[in-house]
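Reviewing the structure listed below.
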Amino acid sequence: QVQLVESGGGLVQAGGSLRVSCAASARTFSTYTMGWFRQAPGREREFVAVISWTSGKTYYADSVQGRFTITRDNTKNTVDLRMNSLKPEDTAVYYCAATQRGLTSVVRLYDYWGQGTQVTVSS
């Protein structure tokens with residue numbers, strides 16, 4: 001029912017910044033909680049950030065708190081993740097995800113996923 005497409009990944013030096021974006025097809029985009037997750041080689045998919053469809057409240061993983069910012073534009077059906085002060089350990093495939101549940105960081109509670117976009121941070 002919902003198609004998500006990520007873009008904006010790339011290669012950046014440590015300390016640099018990148019913005020990844022997600023475009024959603026849902027007509028009712030504003031009713032979805034939108035999250036960003038990432039998966040590094042050999043590791044499980046992990047939560048990064050989420051923004052609520054109700055209040056716009058945001059929540060971040062401790063590892064990115066203060067460095068990453070999630071925003072959404074319900075008019076354009078997009079959600080962005082602005083990443084600052086990037087570290088090599090931020091290197092991963094970043095996935096956009098959607099759920100009609102409330103604010104949650106739990107991977108299994110998200111119903112729709114994009115294909116992912118690679119973010120590589122060099123030392």
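The values are calculated or read from the model by the stated rules, or taken from the named source; none is laboratory data. Bear in mind that the values here come from a model prediction, so they are computed numbers and not experimental data. Here the Cβ positions follow ideal geometry from the backbone for every residue, glycine too, while neighbour counts run over all protein chains shown. Just the protein is used for accessible areas: all its heavy atoms, side chains included, with ligands, DNA and RNA removed. Shrake-Rupley method; radii C 1.70, N 1.55, O 1.52, S 1.80 Å.
Let me know the charge dipole size of the chain about its Cα centre in debye, to the nearest 20, where only the beta-carbon of Lys, Arg (+1) and Asp, Glu (-1) is charged.
The calculation lands at about 200 debye.
Just to be sure I understand: if I project the alpha-carbon convex hull of the chain onto a plane and average over all orientations, what area do I get in nm²?
The Cα convex hull of the chain, projected and averaged over all directions, gives 6.7 nm².
So, by mean Cβ neighbours within 10 angstrom, what's the order for 97-108, 74-85 with the highest one leading?
Taking the mean over residues of other Cβ atoms within 10 Å, the ranking is 74-85, 97-108.
Students sometimes get this wrong: rank Glu89, Glu44 by accessible area, probe 1.4 Å, all chains present, largest first.
Sorted descending by solvent-accessible area, the residues read Glu44, Glu89.
Show Glu6, Glu46 ordered by accessible area, largest first, where the area counts protein heavy atoms only and the probe is 1.4 Å.
Ranking Glu6, Glu46 by accessible area, largest first, yields Glu46, Glu6.
Please give the residues of region 83-107, grouped as numeric ranges, whose backbone N is less than 16 Å from a label point set 7 Å along the Cα-to-Cβ vector of Ala14.
Those under the cut-off are 84-92.
Hey, what did region 23-123 get for relative contact order, percent, Cα under 8 Å, at least 6 apart?
31 percent
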